[in-house]
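Below is one structure, written out as structure tokens, with a few remarks after it.
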Amino acid sequence: MAASVMPAADTLTRTLLAARDADWRAWTRDDLERVVATLSWRAAAHDTFELDPGVPGLLCRWQPAEDGDAGAAPSPVLRFEVPIPVPTPGPDLPPPSGPGRSLGFGAGLSGESWGLPGAAFPRDRDRELDAAHTRLVAAVTAALGPAPWRGGPGAWLRWRGKAITLRLARDHARGALTMDLFPTMAWEAREQGEFAAAHGLGGLPYDWCVSRPDMALAELFLPFGPDPSDWDDFAAALPELLASAVTDLPLVGWIEPILLVIGDVAHPSRTVELRIGQDRLELGGIPGLARQVWLRPGADHGRRAGGLLLDAFAAWDITAASGMRVRSWTSGGYVDFPGLGVRPEGTHPDDLA
């Protein structure tokens, strides 16, 4: 059941930072009990991993390393979740007028609803979730600075420390914010394994990341991504990646637009240029089309852009992602897109010939 209250962003931030700064040592059950006692939390029930941090509306569970997915490198995680409250119908909140999420306009002076009979306005819980995500990110950013690792789907942000990492995301399927704390090296080893074991681009743990103003971090994190298993794999991944970019980018605190050039980079006439900004997605270089602009919101715009890119590659007889390269950057650094499975220009042995 969803929580009946929404914790304030600064309250959530204080709770997260207190747990982040605790001495977790080896992340064993004994370490968990010691940290819980130090933070004055309590177990929600005996012999369970459900915890009560003392914040109404905030759920917490510790997942030990052995509870991880089969075949994945073990890594414990302390997971917080904040479900977006669901309104309960009452005197001031009439029941929805039909399927979906909608509320009546309210009572007029005569006691009847304003507007047409049965009129309702939509209550978009997805937008409420996005707004809650934005508030929490702003509060954590004020304490820790901008997150250098951020991506999608789910508009996740990651504050990476040598010992422990904090990750924030939104889960539209569950209608909740999620906040994870985990030991950095163990979790990244797990992700390295997931990337290596991925059968095609759809098997990646996430599909685009990472802003890297400090390129010295490159060797500490993830490979660029596996090669697509075939052209169909690439063609399926590209529209979804752009859909994620259009909907997730504005929620991760992005300020500078991203310029992405993809195609046969050695031949500029066979490349497409995308400018991914806070409020629009622009394309250039599509054969037979002038520059196009799509405005947010809507992931469908990103999928449409992906379809146009695929049309361009077909017109140029590009049928293998292994023969493509990508350039991507902002004014403050580089941005990698592992979910494309297309290597950055200059990183493939063929580029050295």
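The values are calculated or read from the model by the stated rules, or taken from the named source; none is laboratory data. Being a predicted model, the structure only gives us computed values, none of them experimental. Here Cβ is always computed from backbone atoms with ideal geometry, including for glycine, and neighbour counts include all displayed protein chains. The area values use the complete protein model at the heavy-atom level, side chains included, leaving out ligands, DNA and RNA. Shrake-Rupley method; radii C 1.70, N 1.55, O 1.52, S 1.80 Å.
For (1) modelled with pLDDT of 80 or more; (2) among the basic types (Lys, Arg); (3) surrounded by 13 or more Cβ atoms within 10 Å (Cβ to Cβ), each residue gets a yes or a no:
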{"site": "184", "(1), (2), (3)": "yes, no, yes"}
{"site": "192", "(1), (2), (3)": "yes, no, yes"}
{"site": "211", "(1), (2), (3)": "no, no, yes"}
{"site": "215", "(1), (2), (3)": "no, no, no"}
Residue, nearest to residue 324 (Cα to Cα), within region 245-278, restricted to residues that are open to solvent by less than 10 Å² (accessible area, probe 1.4 Å) and assigned to a helix (DSSP H, G or I): 245
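Taking the condition open to solvent by 40 Å² or more (accessible area, probe 1.4 Å) and at pLDDT 90 or above, does residue 347 pass? First the steps, then the outcome.
Working: open to solvent by 40 Å² or more (accessible area, probe 1.4 Å): yes; at pLDDT 90 or above: no.
Spelling it out, it is not the case that residue 347 is open to solvent by 40 Å² or more (accessible area, probe 1.4 Å) and at pLDDT 90 or above.
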Residue tally, condition surrounded by fewer than 18 Cβ atoms within 10 Å (Cβ to Cβ), at pLDDT 70 or above and part of a loop (DSSP other than H, G, I, E, B), over region 217-244: 3
When residues of region 169-182 are limited to those that are in contact with a helix residue (DSSP H, G or I) (Cβ under 9 Å, 6 or more places away or on another chain) and part of a loop (DSSP other than H, G, I, E, B), the one most open to solvent (accessible area, probe 1.4 Å): 172
All positions within region 193-209 that are under 18 Å from the mean Cα position of the chain (by Cα), touching a residue at least 40 places away in the same chain (Cβ under 8 Å) and not in a strand (DSSP E or B): 194, 195, 201, 204, 206, 207, 209
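Would you call residue 285 modelled with pLDDT of 80 or more and on the phi > 0 side of the Ramachandran plot? Outline the logic, then answer.
Values: modelled with pLDDT of 80 or more: yes; on the phi > 0 side of the Ramachandran plot: yes.
Against the criterion (modelled with pLDDT of 80 or more and on the phi > 0 side of the Ramachandran plot), residue 285 qualifies.
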Within region 151-168, tally of residues that are surrounded by 23 or more Cβ atoms within 10 Å (Cβ to Cβ), modelled with pLDDT under 90 and of a type outside the set (Gly, Ala, Ser): 0
Selection from region 17-60 of residues that are touching a residue at least 24 places away in the same chain (Cβ under 8 Å), in a loop (DSSP other than H, G, I, E, B), of a type outside the set (Gly, Ala, Ser) and open to solvent by less than 50 Å² (accessible area, probe 1.4 Å): 24, 27, 53, 55, 58
